[in-house]
Structures are given as C-alpha cells and as structure tokens.
Amino acid sequence: MKKIGFLSFGHWNSSPQSGTRSASDALLQSIDLAVTAEELGADGAYFRVHHFARQLGSPFPLLSAIGARTKSIEIGTAVIDMRYENPLYMAEDAGAADLIAGGRLQLGISRGSPEQVIDGWRYFGYQPQDGQTDADMARTNAEIFLEILKGRGFAQPNPRPMFPNPPGLLRIEPHSEGLRERIWWGSATNDTAIWAAKLGMNLQSSTLKFDETGKPFHIQQAEQIRAYRAAWKEAGHAFEPRVSVSRSIFALVNDKDRMYFGGGKEEDSFGFIEENVRAVFGRGYAAEPDMLIRDLAEDEAIAEADTLLLTVPNQLGVDYNAHVIEAVLKHVAPALGWR
C-alpha cells in the first residue's frame, strides 16, 4: 500500500492555450483540485514553491485555504526553499496553517533549485554568514526551524507585558503539536539524505538527482533511499520515517490522453543544472494501463518509497488533472498493490 498524491508547480501563462492564465487562476484552481482529489480518494495535495516566477510562491495562504476546504487529504509542499525563509516567522505561519487543517500539513523544505534570478534570496534580505554558502544558510535555517517547532520556550518575557504571560520563557505561537514529525527534506544527493535522516526529517526525492554513479535514475534514487533509511535506523529516532518520490505518470485511456502524452517511451536524461553539477533527470511514464503497470513495476525507487506524488500539468485545468489522478488510482494502482 502507498499513499498517492499530486504535486503541482502552479504555473500560469496568459497564452490563450493555457487553462491557467493568471495567479488568481493558479491559486483558485489549486484549491479546487485539492478538493476534487480528496473526493477521488487521493492522499495528498502538494505544491512546489518558486520565487520570481509565474508559479506558486507563498505557500501558507494556499495551504490554509485548502485546509479549510478539505477534511482528510494531506496538504504539503515539495519544496520550500529555505534560503528565502525567516525560520521563526515561518514557524508561525506553519503552525497556524496546520491548526486550520487539523494537523494535516506535510511540509517539504530544501536548499532549493536554480532560480529565475541570481541569488534571489538577497532581495528577500538574506545572505550567508562569512564562510557560509547559500546551501549552508538553507541548512542552518532548516535546523532553526526544526528546533522552534519543538515548542520549547526560548524568549525572555517582558516584565511589564501588554497581556499576562505564562510562566517561563516564551515560544513561538501558535504551536501545532506533532508538526515537527511532519517535516520533509527534499534531497538531490545521498549525503543530504543522510543528513536529513540524522536530523529526523522525512525524505522527499523528486525526478531530478545529482548523478553520483552514472546508473539509471531509479536505481540511484533507490540507493539514496536505502542510505537514508540506514542512517535513520542508526540515529534511533522514536518514530518511523516516510519517503516520497515524484513521477510524471499518465495512463492513456482516451483520445485526449493520447493527444497530450502519447508521444512514445521516454528515457532518463543527463545534464548540468548548475556549473560543474551533473544531474540525472528521471523519465516520465505515459502508456496504456497494461504497459504502464509493467514499466512501473520495474521502478526500484517507487518500490522503496511509501508515498508517490504524481506531477500534474496544472495548466490543462482542474477537470483534466482530476482525470489524470483518477486514471492512476483506478487503472494502475490496484494492479501494483498500491491500493
């Protein structure tokens, strides 16, 4: 059995061919898709966060709105770039959104990916300390965020406050109990997956990974997951970790599916996403259900993970994306033992 959710990048484009032509469209359709996905029996609604781009950028208003409109579906990110975040203010936002949703947030955080502008986090008022890289800054912010979510007091109270204080040091409010165990790290390398395990974060691994061995993508990703689980076991945390992988999966069950995605079998690709950083990009899956089931059964990383996030083409509209999700849940997942 696996949890199956969707992952949307929340693109919008003013082109007449786009079903999502404005930021308003992207946000409101994201809420509608989460509501519909819950009705279809999907387990999660996840959203990518990008700054300086025509994509979803500020996650907590969206997550809160979805939390108020739904009852059971997990609501998450994949991922929030911690180079852009004030971890204390983020803890306030996250606590409020999680309480609105009744404890259903699953927050993916990370160092982030190459952005639309050079060092975009500087425009947000952040910069690494002397001797740090931007990746170091992201990991430091993540560690502060995790500590704050424990709910321990750390701030000295004013002896003459406007309102009475509880005894002792004060913590960030609102605090949502249990959220600390629902933080995920989006990892592109084996080393950062191991680091995340040591800190007690769940693992998110996407369709892109730094190429560390030259092996096919799904094998490298499966090796990453096994290294993560071994590190988690060695750390001796008190709860069981979760691991998600994301995939583009399209079951071709009608003529519209074949028109959009029936272009033939894809393969992994290798390239450079940053200077001197070679990466492997995982293939997409699009085929008739019987063939799709055979192909997915050979994906070692999906087998290792407990959660699968289906990347959806959000600009094709809510109805079509609901169809994409339903087709996988109905025609693919049962045969593979995911349901």
Spin-label proximity, GLU274 to the stretch 194-225 - amide N less than 13 Å from point 7 Å beyond Cα toward beta carbon: 209-211
Global size of the stretch 158-300 as Cα Rg and Dmax, reported in angstrom: 21.4, 70
Kirkwood hydrodynamic radius of the stretch 1-123, from inverse mean 1/r over distinct Cα pairs, in Å: 14.9 Å
Percent accessible area from carbon and sulfur atoms, the stretch 1-80, protein chains only, probe 1.4 Å: 54 percent
The stretch 96-141 - Debye-derived log10 I(q)/I(0), Cα point model, q = 0.21, 0.28 Å⁻¹: -0.79, -1.02
Pairwise label distance in nanometres, SER14 with MET259, each label 7 Å out on the Cα-Cβ vector: 2.6 nm
Share antiparallel - DSSP beta bridges, the stretch 222-339, percent rounded to 5: 40 percent
FRET E, pair MET162, SER58, Förster distance 35 Å, beta-carbon r, rounded to 0.05: 0.75
Per-residue [θ]222 nm for the chain (sum of -39500 (n - 2.57) over DSSP H runs n ≥ 4, rounded to 500): -11000 deg cm²/dmol
Computed lengthening from GLU298 to TRP338, 0.36 nm per intervening residue step minus Cα-Cα distance: 13.0 nm
Cβ crowding within 10 Å averaged over residues, with 73-84, 206-217, 258-269, 310-321 ranked highest first: 73-84, 310-321, 206-217, 258-269
Within the chain, percent of DSSP bridges classed antiparallel, to nearest 5: 20 percent
12 Å Cα-Cα reach of LYS265 towards aspartates and glutamates, excluding residues that sit fewer than 8 places from it in its own chain: GLU288, ASP295
Distance-filtered residues of the stretch 76-90 - backbone nitrogen under 13 Å, label point 7 angstrom along GLN129 Cα→Cβ: none
Lys, Arg +1 and Asp, Glu -1 on Cβ, resulting dipole of the chain about Cα centre, debye, nearest 20: 600 debye
If the convex hull is drawn through the Cα atoms of the stretch 298-338, its volume per residue in Å³: 76 Å³
Ordering of 295-301, 280-286 by burial proxy (mean other Cβ atoms within 10 Å per residue, highest first): 280-286, 295-301
nm² value of the averaged projected area, convex hull over the Cα atoms of the chain: 19.1 nm²
Cα long-axis angle, helix 134-148 against the chain (0 to 90 degrees, to the nearest 10): 70 degrees
Rel. contact order, % - alpha carbon contacts under 8 angstrom, at least six apart, the chain: 19 percent
Whole-number percent relative contact order across the stretch 1-104, with pairs defined as alpha carbons under 8 Å at least 6 apart: 27 percent
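The values are calculated or read from the model by the stated rules, or taken from the named source; none is laboratory data. Predicted model, so just to flag it, every value in this text is computed and none were measured. Positions of Cβ are backbone-derived with ideal geometry, glycine not excepted, and every protein chain shown enters the neighbour counts. Accessible surface is based on the protein model in full, side chains and every heavy atom, while ligands, DNA and RNA are left aside. Shrake-Rupley method; radii C 1.70, N 1.55, O 1.52, S 1.80 Å.
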